[in-house]
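Data block below; observations after.
The values are calculated or read from the model by the stated rules, or taken from the named source; none is laboratory data. Only a predicted model underlies this, so the values are computations on that prediction, with no experimental measurement involved. Here the Cβ is made from the backbone with ideal geometry for all residues, glycine too, and neighbour counts use every protein chain on show.
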Amino acid sequence: MERVDGSLDEDRPAPVDNLIVSLRAYVTRADLKPSVRKGLKPRRDPPSDWVLTFDCETCTTPDQRLRFGAYQLRNKERPFELGFFYEPAVVTYPEDLRVLEEVKAELEAKSNGERVRLLTRDRFVEEVFFGSGRDVGAQIVGFNLPFDLSRLAIDHDSARSAIRGGFTLKLSEKAGRPRVVVRHLSQRAAMIRFAGTRRPARKDELENEDDEGDREEGAGPDRGYFVDVKTLSAALLGRPIIGPWRAYRSCWTSQPRRPPRRSTEGR
């Protein structure tokens, strides 16, 4: 029997697997020369290391009022705070509130040092959404973010100026808290930002109504950094991802239906 040489033959080419590789690339925008035009908006500051992610659960009634929600606050990808918030006008039964308190206690027992809280809607908006989100330049992340933001709103109005065609959401009664401006660009994308303060109009701006939007102050950190995962997934995958409940529903409806059982009565 001949001995089989297990060593690699240098003259023999290595096996190659022919695979189809799909890549999605993007280009970075070149820095333009600074313009000397008076009134040019300054370059926007980058977001901070904080990320606020939240999601809302609503009632099954046609108005879809906020019932409760969950949030997580991270700093440099590490959990810092998490918890739940609820609408006291909707969660009125002690049993429902007791469930949230029990889940909060379970998370506290498994916590690695991060704070766990149970807040009302007003406290969440003021202490977390604004206090730990907007005020520190955090990225605010959600799935179908315009809908979740509208569940937190206590009032709304039509947007004007540069965001004409959209709407504004009032989240807090506290003076100085800006509204959230939302304008849908397509079925998958929307422009979301905090409304800015206005400065007195110049004479040349008053002569042209179309320049009304230019009277807003430069887009600084107070404009906010909103990330809609639904829009992001559509940009990366070519289609938006579906929520867990839709995935469950699609699996449930895809099961073949059993024929109705015939009655044996009367035989």
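If a residue has to be in a loop (DSSP other than H, G, I, E, B) and either under 8 Å from Arg121 (Cβ atoms) or touching a residue at least 60 places away in the same chain (Cβ under 8 Å) (or both) to count, how many in the stretch 85-99 make the cut?
Number of matching residues: 2.
Looking only at residues in the stretch 85-101 that are under 17 Å from Phe129 (Cβ atoms) and touching a Phe, Trp or Tyr at 6+ places or on another chain (Cβ under 6 Å), the one that is surrounded by the most Cβ atoms within 10 Å (Cβ to Cβ) is Phe85. Scanning the stretch 53-73 for residues that are of a type in the set (S, T, N, Q) and within 16 Å of the chain's Cα centre (by Cα) returns Thr53, Gln72. Would you mind stating whether Pro79 is assigned to a strand (DSSP E or B) and modelled with pLDDT under 95? When the stated conditions are applied, Pro79 passes them. Across the stretch 162-172, the qualifying residues are those that are touching a Lys or Arg at 6+ places or on another chain (Cβ under 8 Å) and farther than 15 Å from Ala190 by Cβ, and the one among them that is surrounded by the fewest Cβ atoms within 10 Å (Cβ to Cβ) is Lys170. Of the strands (runs of 3 or more DSSP E) contained entirely in the stretch 113-172, those carrying at least 3 residues that are in contact with a His (Cβ under 7 Å, 6 or more places away or on another chain) and under 19 Å from Asp228 (Cα atoms) fall at 167-170. Under the condition of being modelled with pLDDT of 80 or more and either part of a loop (DSSP other than H, G, I, E, B) or basic (Lys, Arg) (or both), the residues counted in the stretch 28-54 number 4. So which residues in the stretch 117-138 are surrounded by fewer than 19 Cβ atoms within 10 Å (Cβ to Cβ), at pLDDT 95 or above and not charged (D, E, K, R)? Answer for the stretch 117-138, where residues must be surrounded by fewer than 19 Cβ atoms within 10 Å (Cβ to Cβ), at pLDDT 95 or above and not charged (D, E, K, R): Leu118, Leu119, Thr120.
Filtering Arg188, Arg183, Arg179 for residues that are among the charged types (D, E, K, R), at pLDDT 80 or above, touching a helix residue (DSSP H, G or I) at 6+ places or on another chain (Cβ under 6 Å) and closer than 24 Å to Asp148 by Cβ leaves a single hit, Arg183. Put simply, of Arg215, Arg202, Arg249, Arg198 the only residue that is at pLDDT below 65, more than 30 Å from Glu77 (Cα to Cα) and surrounded by 16 or more Cβ atoms within 10 Å (Cβ to Cβ) is Arg215.
Scanning the stretch 46-81 for residues that are over 17 Å from Val136 (Cα atoms) and surrounded by 15 or more Cβ atoms within 10 Å (Cβ to Cβ) returns Asp55, Cys56, Thr58, Leu66, Arg67, Phe68, Gly69, Ala70.
Yes or no: Asp148 acidic (Asp, Glu) and crowded, with 17+ Cβ neighbours inside 10 Å?
Spelling it out, Asp148 is indeed acidic (Asp, Glu) and crowded, with 17+ Cβ neighbours inside 10 Å.
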